[in-house]
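The values are calculated or read from the model by the stated rules, or taken from the named source; none is laboratory data. All values derive from a computational prediction rather than experimental measurement. Reconstructed Cβ throughout: ideal geometry from the backbone, glycine too, with neighbour counts over all protein chains shown.
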Amino acid sequence: MKPQTDAALKVSNLHKSYNSNVVLQGVTLDVVPGEVLAILGPNGAGKTTLISAILGLVKTDSGEIRLLGQRQDSMARSMAIRQKLGVMMQVGSLSANLTVFEQCDLFSSYFHNGYSPTELVGLAGLEGHVKQRFSRLSGGQKQRLLFALALAGKPQLVFLDEPTLGMDVEARRSLWQQVGRLKQQGVAVVLTTHYLEEAEQLADRVLVLDQGVIVASGSPAELKALTQYKVISCHSALDNAALLALPGVQELSRDNKRITLHSSQPEQTVKALLLADESLHQLEVRSVALEQAFLQLTQGSKTTEEQAA
Amino acid sequence: MSTAAIYRKEAWYDLISVWRTPGFVIPSLAFPLMFYLFFGVVFNTGAASTYMLVTYACFGIMGPAMFNFAMNIASDRAHGWLTLKRLSPMPVPAYLLAKFSTALVFSLVIIVALFTVAALFADVRLHSAQWFLLAMVLLLGTLPFALIGLILGLTLSDKAAPGVVNLLYLPMAFLSGLWLPIHLLPTVLQQASWIWPSYHLSQLGLKVIDMDQGHALWLHLLVLVVSSVLLAALAVWSFKRLTGQKA
């Protein structure tokens, strides 16, 4: 399906534990140029550790990492890789006392073929704040500047750790557009996110990471299909007990006349529902949002673990 | 962009970033000046003023060197700025040299300010060669303290760094005879003062004006060079430990 030879990032069987606490167990992934990979997972799933390990900020116990065809262990020494890498970490703050333009000027000086300081200001969309110090920017503006700096060297491989944290809707959409442009330019992008809508919007592939294990991977659509759950809603005269007794119904909520059911066997549920209530109207069946699919996946893995324990 | 340009920009932006922190600049410059004006000009005259010019200048250059490194590196680490820089193609020496050049600028400003006060208000008279030599000793003497600051900045959290630097800075200054002349300290403390780089630096400075304790020049130089080399090795080790290049 994808050519494996020119992967921008290739991670094989990565293991990492702190003392007895296992953070990553056997993580394998790859990203090709022009592909956006989203890593989803609850807090403490190991997302940031995974990114840090890939970037060599955290030492791993075993496994192999190749960035742009080169082994990662040589990265500390390899300026060539760092020229082609863009990074936006979750904890990222610049010198509080330097202005937007000064930060861009400094950062762009590190790269041979990068953007000019003025272009970076434009990428951040901070033309009106050129002389503002970093400490005086809003949370969203800081994120935009950090994002622009990640692109300073016109990178081939970009890591974005929770890039839209603290951004308002407009800033988030503009960042999504920029990620879309990176993809068109053939840049490989790895991003972690809490916003599942973000993964749905941006990613070609989604990895769900839970307790250091990839529990699911696929396109956002495939991931959704992984859970057969559907949401059924309608106006019904049936009472709660009768509704919960229907085949496949897992959850029930009621808003005035309108009821909402979560079903693991939607066809069976609908069939029984129609038989039981002739007055039923305004029937609607839809798939669960990625957010819920993802919650069910991670909850599922927790339940099995608890059973195992 | 050429490598030289990176070094230049890094140094320039480090300097203006520090310069825009009045909470750092004002005490750094005011303390040595204030102390010298008080003890060296108002309460003393003649030889004592000359002696104290050297010791308070030593005191003055130590502070910014240690604080600038320790606090700014600890804070760059805490806020992820150092991580971003390390993942970028920025050469690490550019970052360290920038911090060192900022410390040198502070040293130079303090030296000029103290020399001016000494010449104008305390009537301190030295040959131009002595002024020059003294300034050189003090500028070069910034290095070991910058290294101490670097090690602290690489190992301490941003919250702990200022406190620990003060805990080291103030006793070290006192025990090296920078506040009270060293010969007024108890003999035990005078002997113990040999462990402090600041003692040897002040003795080198005092040698320029012929007011030192009379130990051999090479001894002070040797201690300063050896301690700088050891501190540099420790700094490299701390850096490698921090960046996980050593398990």
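Out of A:L149, A:L182, A:L157, report the one residue that is in contact with a Phe, Trp or Tyr (Cβ under 6 Å, 6 or more places away or on another chain) and in the same structural domain as A:Y195 (by TED's automatic domain parsing). It would help to see each step written out before you state the result.
Values: A:L182 fails: in contact with a Phe, Trp or Tyr (Cβ under 6 Å, 6 or more places away or on another chain); A:L157 fails: in contact with a Phe, Trp or Tyr (Cβ under 6 Å, 6 or more places away or on another chain).
Among A:L149, A:L182, A:L157, only A:L149 is in contact with a Phe, Trp or Tyr (Cβ under 6 Å, 6 or more places away or on another chain) and in the same structural domain as A:Y195 (by TED's automatic domain parsing).
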*Does A:A148 satisfy being touching a Leu at 6+ places or on another chain (Cβ under 8 Å), away from chain B (no Cβ under 12 Å) and within 22 Å of B:P89 (Cβ to Cβ)?*
yes
*asked:* Return the residues of the stretch A:255-273 that are farther than 19 Å from A:S287 by Cβ and surrounded by 13 or more Cβ atoms within 10 Å (Cβ to Cβ); say none if nothing qualifies.
replied: A:A272
*asked:* Here is a check on your reading of the model: is A:M88 within 9 Å of chain B (Cβ to nearest Cβ) and either crowded, with 18+ Cβ neighbours inside 10 Å or at pLDDT 85 or above (or both)?
replied: yes
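When you check B:L84 against the structure, is it surrounded by 19 or more Cβ atoms within 10 Å (Cβ to Cβ), in contact with a Leu (Cβ under 8 Å, 6 or more places away or on another chain) and over 27 Å from B:A30 (Cα atoms), yes or no?
yes
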*Identify, please: which residue in the stretch A:100-136 is buried (at least 20 other Cβ atoms within 10 Å of the Cβ) and of a type in the set (S, T, N, Q) and is, among those, nearest to B:I6 (Cα to Cα)?*
A:S109
_For the stretch B:77-104: of the residues being over 20 Å from A:S109 (Cβ atoms) and among the aliphatic types (A, V, I, L, M), which is modelled with the lowest pLDDT?_
B:A78
*Is there a residue in the stretch B:50-65 that is facing chain A (nearest Cβ under 10 Å), within 30 Å of A:M79 (Cβ to Cβ) and crowded, with 19+ Cβ neighbours inside 10 Å?*
no
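Would you list the helices (runs of 4 or more DSSP H) that sit entirely within the stretch B:145-247 and hold 2 or more residues that are within 14 Å of chain A (Cβ to nearest Cβ)?
By residue number, B:217-242.
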*A:K59 passes all but one of (1) in contact with a helix residue (DSSP H, G or I) (Cβ under 9 Å, 6 or more places away or on another chain); (2) in a strand (DSSP E or B); (3) among the charged types (D, E, K, R); which number fails?*
(2)
_I'm trying to understand the selection: among the residues of the stretch A:91-106, which are more than 7 Å from chain B (Cβ to nearest Cβ) and in contact (Cβ under 8 Å) with a residue 40 or more places away in the chain?_
A:V100, A:Q103, A:C104
*Out of B:S75, B:S88, which single residue is out of contact with any Ser or Thr (no Cβ under 6 Å at 6 or more places or on another chain), without any contact (Cβ under 8 Å) to a residue 24 or more places away in the chain and within 10 Å of another protein chain (Cβ to nearest Cβ)?*
B:S88
*asked:* Among the residues that make up the stretch B:41-60, is at least one of them at pLDDT below 90 and touching a Phe, Trp or Tyr at 6+ places or on another chain (Cβ under 8 Å)?
replied: yes
*Output the residue which, of all residues in the stretch B:1-44 that are assigned to a helix (DSSP H, G or I) and charged (D, E, K, R), is nearest to the other protein chains (Cβ to nearest Cβ).*
B:K9
*Mind checking which pairs have a first residue in the stretch A:35-55 that is free of Cβ contacts under 8 Å to residues at least 60 places away in the same chain and a second that is of a type in the set (S, T, Y), Cβ under 7 Å, 6 or more apart or different chains?*
A:A53/A:T60
*Determine which single condition B:T142 fails, assuming it passes every other condition in (1) within 14 Å of the chain's Cα centre (by Cα); (2) farther than 27 Å from B:D210 by Cβ.*
(2)
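Results for (1) more than 10 Å from every other protein chain (Cβ to nearest Cβ); (2) free of Cβ contacts under 8 Å to residues at least 12 places away in the same chain, shown as yes or no for each residue.
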site: A:S78; (1), (2): no, yes
site: A:S108; (1), (2): no, no
site: A:H129; (1), (2): yes, no
site: A:R133; (1), (2): no, no
site: A:L137; (1), (2): yes, no
*Output the number of the condition that B:S101 fails; it satisfies all remaining conditions of (1) more than 9 Å from every other protein chain (Cβ to nearest Cβ); (2) crowded, with 23+ Cβ neighbours inside 10 Å.*
(2)
*Going through the stretch B:125-144 one residue at a time, which ones are in contact with a helix residue (DSSP H, G or I) (Cβ under 8 Å, 6 or more places away or on another chain), in a helix (DSSP H, G or I) and over 19 Å from B:H220 (Cβ atoms)?*
B:W131
